[in-house]
Structure formats: C-alpha cells, structure tokens
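Q: Quick one: this structure, given as structure tokens, is what I'll be asking you about.
The values are calculated or read from the model by the stated rules, or taken from the named source; none is laboratory data. No experiment lies behind these values; they were computed from the predicted model shown. Remember, those area values only see protein heavy atoms, side chains included, never the ligands or the DNA or RNA. Shrake-Rupley method; radii C 1.70, N 1.55, O 1.52, S 1.80 Å.
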Amino acid sequence: MRATRLPSVLMLLTSLLCFGPAQYLKAQQSASLHPERQSSTESRRNRQLNADAYVRNETPARGESDSAGIHEVIDDKYKKRYQEWKDEFLSTEIGRAQWEVYSRHPHFALTITVARGNSHGAGSGKYKWNEKGELIAATITLGTVINEGFPSAIYYPVMNALESYESSQLLGGNVLAATKLAHEFGHVMKMANTSEAAYRLQLRLVPVYNKIFLSNGHNVNDPQLVELAQQMGGNP
C-alpha cells in the first residue's frame, strides 16, 4: 500500500470501527439528510484515544449555534494548527464526504471547537434531539495538541497503529490529528441512529462497562459485559 493512500484508509477504518460496516453505511445514509428534501445530485454526493482521553464531551462549547451547517468556533491562537488539521482531513475522500454531509445539512448544526484540558484527545457531545426524536445538533471538541499523543491500543487499535508509521517518518502529526477528527465525525454519524434515551443509558453504563473490562483482563465475552452491551445496543 502506498503511503499516500494510508491516511484515507486509516480514517475509513477509524469510522468503521465506531460501529461496523453495515451500521456505518446506514449512519452515513441517515446523516446524508432526508432524501425527499434533497436534489438527486445532493443525495448522491452525500452518500459519498486511552479511554479517558476520548470521553464524550458534555461541556457546552462557546459560540454554539442552533442554525444548520458546520460552525467552527476556534480561538485565534489555535486557528493555524486547526486549519492544518482540517486541511489534512479534507485531503482524503472520506474527510471531504463527511464534511460535505454536515456543511450542507439543512436541519443539523455541528459545532467544532478547540479547547484545553484534554490536549491530546478529542470528544463529541452536547447532542440535541427535536420533538420528533431526530438528532439536530452536536459538538466536536478537539484538544489543543491532537497532532501528538497516541491512544491506547486496547481502545483505539487503528490510531495506535499510526505510531509505528510516524516513527518511520511515513506520516506526519497532522495525519494523527485528522484521524482523531474522523473518529469524532464517526461518533456523530452513529448518534444519528441513536435515540436520546439510548444515549443517556450509554452515558450511565459505559463507565461500568469500562471498569469491568479493565479488571477482567479485557475479556469482552465476560457475561456481565455481554449483558451490558446488549442493553447499550453494542460494545462502547
């Protein structure tokens, strides 16, 4: 595999690992707006790490907007590095496709911000559903140095695998940052098929799941974990 193809492949794998191939396609189609509200051209176009470091973010982002589309709320001191991460993300086909979906979405507001406190990590949260149960808003919060720091292989095997490529100078830090951004886009896509009640249940049960997982030798077949996964609709 050529090195130039690696970022696209890694971002695709990162998204797939959020919920599997079938669910990924379903989520991508769901996130691609309501077909009856799109032109056929738009519809076709739109179909185109350590556990603690990547928790769902429930802190409101400054400048969040309820208007549809993507809202980039970036402090001046972070704009240059953010633009480099974004450019890397958009240099891949999957990055462009995901960005296109949300930038043109007429009923969904996605806020992207950079904040201190989780410098090497990223998170998604501040999800909002309307009275029909449709997801209408979310926030992706990026750490200030997401171009550095590899998450645990236990939770994030694809992103962790980047470390060997970076040490071999095959990939730069911006690829790591773009992969983390892709991972969060994947979470937002998954949430499009998750009810608010299910999400609240996940927030309550995921910490319990992780505690058992870390104490049982990482055995996902543990009966307690199997039962928790069934309640949550899948492994966290």
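Q: How far, in nm, would the chain grow between Ala198 and Glu131 when pulled straight, counting 0.36 nm per residue and subtracting the alpha carbon separation?
A: Working: separation 67, 0.36 × 67 = 24.12 nm, distance 1.54 nm.
Result: 22.6 nm gained on full extension.
Q: List the lysines whose Cα lies under 22 Å from the Cα of Lys190, skipping any in the same chain that are fewer than 8 positions away.
A: Cross-link targets: Lys26, Lys86, Lys126, Lys128, Lys132, Lys180.
Q: Also, quick follow-up: If you roll a 1.4 angstrom probe over the protein chains with everything in place, what fraction of the accessible area of the stretch 73-139 belongs to carbon and sulfur, to the nearest %? Mind dumping the intermediate values first?
A: Working: 1370 of 3110 Å².
Looking at the stretch 73-139 in its full context, I get 44 percent from C and S.
Q: What list of whole percents do you get for P(r) of the stretch 85-146, with Cα-Cα distances grouped in 10 Å bins up to the one holding the largest distance?
A: 20, 43, 31, 5
Q: Express the accessible area of the stretch 93-153 per residue in Å², computed with a 1.4 Å probe while the remaining protein chains stay in the model.
A: Working: 2340 Å² over 61 residues.
Normalised by residue count, the accessible surface of the stretch 93-153 is 38 Å².
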